[in-house]
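Comments concern the structure below.
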């Protein structure tokens, strides 16, 4: 029983350290590399939209796991203004920047509220939508 | 009004005390409830999936082969239903103890991190032949927490169990791991530990690695090995599970 108690305490302590670390200590080099700043996110969006101008991007807060984010593709791809022939069913997921890029059909008008609901139903918090206007990224709040 | 006998009252109090101690021990840790699909999905409304896994198991000196078929449906992100059905597929063929659960989840999203709290009642359907390793559990209520960033995953859960023999037990799970990303897909490598403690003092602990990979949005694969490191009053179990899942 003592061994079991020791093991449980050891396990709890190790996990507590692992989970408390991001709040209690300065970010490690790896964490800094994994956490993307707003500036880096916008830069990434700019590059993505420059390459794919007929698209919009959405910052889905919390979307840091590609497997869990499959639902974003499921819900967003079902909207009629999404060009499902591009990307993967019209949706590109970037778990590092937490950005969803949505391919739009020619002459289609994007519906921000529909995208907002789709991202919410997928389990994430839609914060902003980005579009390219005159070559620059324009932000639109979704909250 | 239900009246408890002294015997049952003392059992409930002992179990609550035990559960409290176990919770205090495990609370600093964070964990994952062992849920389909591979503990990952689906977190989206209307999502569902099925996974099937083969298990080669050794209990003491007895070997057995199992197939597990598990299913999940997520109505909304806060509520899902899961069903797990094991089948013994060696010389002894038959159904094991199916488990039904109703995980209730509270997700949270932070910039660069996401996670959830889980409260999950489980019911172990008593239809298995005891000779086929029917599970001793009757009902379980588990509390879990997990959090995930781009590169890391940490989770833990504690479950309070009422067994068919009348004893109470506590099950604890803990997992820590790293996510792996390729250009087109992703996966993870985790170390998972499971500790079971029974009211009569019996205990067991198993630990081992888990490897998961997303082949596509539809197809997923997982391999899990669990090694018995401690046991008293439980038969030491060693198991290797591997399988695939489809998610819609």
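Quick grid of which residues meet (1) outside any strand (DSSP E or B); (2) at pLDDT below 85; (3) touching a helix residue (DSSP H, G or I) at 6+ places or on another chain (Cβ under 8 Å):
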| position | (1), (2), (3) |
| --- | --- |
| B:4 | yes, yes, yes |
| B:19 | yes, yes, no |
| B:39 | yes, yes, no |
| B:42 | yes, no, yes |
| B:49 | no, no, no |
| B:52 | no, no, no |
| B:55 | no, no, no |
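Quick test for you: out of B:205, B:169, B:245, B:193, pick the one residue that is closer than 27 Å to residue A:71 by Cβ and in a strand (DSSP E or B).
Answer to the selection: B:245.
Under 8 Å by Cβ, and 6 or more places apart or on different chains, what pairs join a residue from segment A:29-49 that is surrounded by 12 or more Cβ atoms within 10 Å (Cβ to Cβ) with one that is assigned to a helix (DSSP H, G or I) and modelled with pLDDT of 90 or more?
A:36/A:44
Each row is one residue, and each column tells you yes or no for (1) crowded, with 18+ Cβ neighbours inside 10 Å; (2) more than 14 Å from the chain's Cα centre (by Cα).
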| position | (1), (2) |
| --- | --- |
| A:66 | yes, no |
| A:69 | yes, no |
| A:81 | no, yes |
| A:84 | no, yes |
| A:92 | yes, no |
| A:98 | yes, no |
| A:101 | yes, no |
| A:104 | yes, yes |
| A:107 | no, yes |
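Find the residue count for segment B:194-242, including only residues that are under 22 Å from residue B:178 (Cβ atoms) and more than 14 Å from chain A (Cβ to nearest Cβ).
8
Hey, can you tell me all the residues within segment B:208-242 that are part of a strand (DSSP E or B) and touching a helix residue (DSSP H, G or I) at 6+ places or on another chain (Cβ under 9 Å)?
As a first pass, look at segment B:208-242 and keep what is part of a strand (DSSP E or B): B:208-214, B:219-232, B:237-242.
Selection gives B:214, B:229, B:230, B:232.
Being closer than 20 Å to residue A:96 by Cβ and at the interface with chain A (Cβ under 9 Å from one of its Cβ atoms) is the filter here; which residues of segment B:171-183 pass it?
Narrowing segment B:171-183 to residues closer than 20 Å to residue A:96 by Cβ: B:177-183.
Residues satisfying the conditions are B:179, B:181.
The values are calculated or read from the model by the stated rules, or taken from the named source; none is laboratory data. Owing to the predicted nature of the structure, the values given are computational and were not obtained by experimental measurement. With ideal geometry, Cβ positions are generated from the backbone for all residues, glycine too; neighbour counts draw on all protein chains shown.
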